[in-house]
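Chemist: Can you keep this structure in mind? I'll have questions shortly.
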């Protein structure tokens with residue numbers, strides 16, 4: 001049920017608005033002056049605020065500015081003494097709308113509904129951003145994480161190509177996304193390609209695109225990942241699994257900053273920063289002739305090695321707390337606590353699947369355990 005605050009020095013106005021709004025199924029609080037209203041805004045969350053302009057102690061325009069220092073709840077100004085200049089000033093200061101007294105109740109109800117919907121949209125957007133942000137946040141205060149952050153800060157503003165190495169589940173994608181976010185290309189696209197997940201016969205079409213009719217299922221022209229990433233970052237994940245044929249074309253694209261679609265003849269210029277990642281020992285792959293040495297040197301201007309979780313055990317408590325917060329939020333549960341013996345138990349585990357495995361275990365514990373999570377629960381569900 002939506003909650004509305006009415007701030008007006010006239011008791012009759014407050015009583016009338018309360019009666020009307022409660023009939024419309026709103027929960028209504030009211031305040032007789034700006035100071036009382038400001039106190040209530042600090043103590044409660046409202047979907048919309050109705051605020052008179054001319055009041056003793058603090059007028060509505062001054063109150064409006066102070067409200068926005070606390071919350072972005074939509075404020076609808078109401079007044080029987082206002083002028084066009086007053087209305088314009090209120091809107092400039094951020095008021096959602098201005099309605100003159102005597103109030104047009106139909107307009108008031110429509111405005112309230114729209115303001116409430118706007119507030120709900122803002123809340124949903126915040127929640128979505130928190131969830132998205134949580135997915136790509138780098139958690140940890142260990143020495144290894146500090147070194148990675150320092151490297152990202154130094155390298156991100158340049159166009160230098162970066163090769164990120166490390167075991168599966170260590171967070172190589174996070175490093176790539178942070179390099180993009182802190183780069184001069186941050187407003188451009190971030191295109192991720194999982195080279196291990198694309199069949200060898202399709203990877204060239206995926207990367208470079210194809211012309212209509214270039215092969216049986218090519219029923220229309222397709223722009224590849226290099227073109228889609230133009231002006232931004234192309235992240236080639238698990239590049240160690242890319243075929244030698246595709247490697248040679250990637251090498252040419254990096255050398256010339258041009259690509260040619262499959263079945264096409266026209267050279268297309270591309271402006272792309274390439275970041276690659278692999279869980280393989282590329283130097284060993286070169287010795288085995290499964291990876292081109294010249295491509296390795298093109299990709300590895302900067303090498304960032306992401307350590308396994310076993311080498312950053314000090315970060316486990318922070319990671320666990322972060323994952324618990326995220327899962328409780330997404331499941332609509334109250335924040336669960338975890339006992340120290342449970343945290344110690346988690347720190348002793350080998351974590352061969354690294355952070356990805358830890359994340360899965362925490363999700364399991366949040367679903368299956370009661371708060372607080374105990375060492376017994378950890379032993380039972382790991």
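Chemist: So which of 91, 76 ends up being on the phi < 0 side of the Ramachandran plot, in contact with a strand residue (DSSP E or B) (Cβ under 9 Å, 6 or more places away or on another chain) and surrounded by 15 or more Cβ atoms within 10 Å (Cβ to Cβ)?
Modeler: The unique qualifying residue is 76.
Chemist: Still on this model: Please find, among 304, 286, the residue that is under 28 Å from residue 186 (Cα atoms) and at pLDDT 95 or above.
Modeler: So the residue among 304, 286 that is under 28 Å from residue 186 (Cα atoms) and at pLDDT 95 or above is 304.
Chemist: Can I ask one more? Are any of the residues in the range 130-140 surrounded by 19 or more Cβ atoms within 10 Å (Cβ to Cβ), under 35 Å from the mean Cα position of the chain (by Cα), at pLDDT below 90 and within 30 Å of residue 178 (Cα to Cα)?
Modeler: Yes, some residue in the range 130-140 is surrounded by 19 or more Cβ atoms within 10 Å (Cβ to Cβ), under 35 Å from the mean Cα position of the chain (by Cα), at pLDDT below 90 and within 30 Å of residue 178 (Cα to Cα).
Yes/no matrix, rows are residues, columns are (1) within 21 Å of residue 177 (Cβ to Cβ); (2) in contact (Cβ under 8 Å) with a residue 24 or more places away in the chain; (3) surrounded by 16 or more Cβ atoms within 10 Å (Cβ to Cβ); (4) out of contact with any helix residue (DSSP H, G or I) (no Cβ under 7 Å at 6 or more places or on another chain):
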site: 308; (1), (2), (3), (4): yes, yes, yes, no
site: 314; (1), (2), (3), (4): no, yes, no, yes
site: 321; (1), (2), (3), (4): no, no, yes, yes
site: 324; (1), (2), (3), (4): no, yes, yes, no
site: 336; (1), (2), (3), (4): no, yes, yes, no
site: 341; (1), (2), (3), (4): no, yes, no, no
site: 345; (1), (2), (3), (4): no, yes, yes, no
site: 350; (1), (2), (3), (4): no, yes, no, no
site: 360; (1), (2), (3), (4): yes, no, no, yes
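Chemist: Looking at (1) surrounded by 14 or more Cβ atoms within 10 Å (Cβ to Cβ); (2) free of Cβ contacts under 8 Å to residues at least 40 places away in the same chain; (3) within 15 Å of residue 271 (Cα to Cα), which is the only condition residue 256 fails?
Modeler: (1)
Chemist: Residues that are within 29 Å of residue 317 (Cα to Cα) and in contact (Cβ under 8 Å) with a residue 40 or more places away in the chain: which helices (runs of 4 or more DSSP H) entirely in the range 130-244 hold 2 or more of them?
Modeler: Once the helices (runs of 4 or more DSSP H) in the range 130-244 are filtered for at least 2 residues that are within 29 Å of residue 317 (Cα to Cα) and in contact (Cβ under 8 Å) with a residue 40 or more places away in the chain, what remains is 143-155, 172-181.
Chemist: In addition: Among (1) closer than 14 Å to residue 52 by Cα; (2) at pLDDT 80 or above, where does residue 94 come up short?
Modeler: The one condition residue 94 does not meet is (1).
Chemist: Considering only the range 233-253, state which residues are at positive phi and surrounded by fewer than 16 Cβ atoms within 10 Å (Cβ to Cβ).
Modeler: Across the range 233-253, there are no qualifying residues.
Chemist: Any chance you could count how many residues in the range 100-116 are surrounded by 14 or more Cβ atoms within 10 Å (Cβ to Cβ) and farther than 19 Å from residue 22 by Cβ?
Modeler: 3
Chemist: Those residues that are surrounded by 20 or more Cβ atoms within 10 Å (Cβ to Cβ) and either under 38 Å from the mean Cα position of the chain (by Cα) or at pLDDT below 90 (or both), I need them from the range 3-20; list them, please.
Modeler: 4, 5, 6, 7
Chemist: While we're here: For the subset of the range 36-61 comprising residues that are part of a helix (DSSP H, G or I) and touching a helix residue (DSSP H, G or I) at 6+ places or on another chain (Cβ under 9 Å), which member is nearest to residue 120 (Cα to Cα)?
Modeler: Checking each candidate, the answer is 41.
Chemist: For the range 7-35, which residues satisfy the criterion of being assigned to a helix (DSSP H, G or I) and in contact with a strand residue (DSSP E or B) (Cβ under 8 Å, 6 or more places away or on another chain)?
Modeler: Matches in the range 7-35: 13, 14, 17, 18, 21, 22, 34.
Chemist: Hey, any hits in the range 58-67 for a residue that's touching a strand residue (DSSP E or B) at 6+ places or on another chain (Cβ under 9 Å), surrounded by 15 or more Cβ atoms within 10 Å (Cβ to Cβ) and touching a residue at least 40 places away in the same chain (Cβ under 8 Å)?
Modeler: Yes, the range 58-67 has at least one match.
The values are calculated or read from the model by the stated rules, or taken from the named source; none is laboratory data. Computed from a predicted structure; not experimentally measured. Virtual Cβ from ideal backbone geometry, glycine too; neighbours counted across all protein chains shown.
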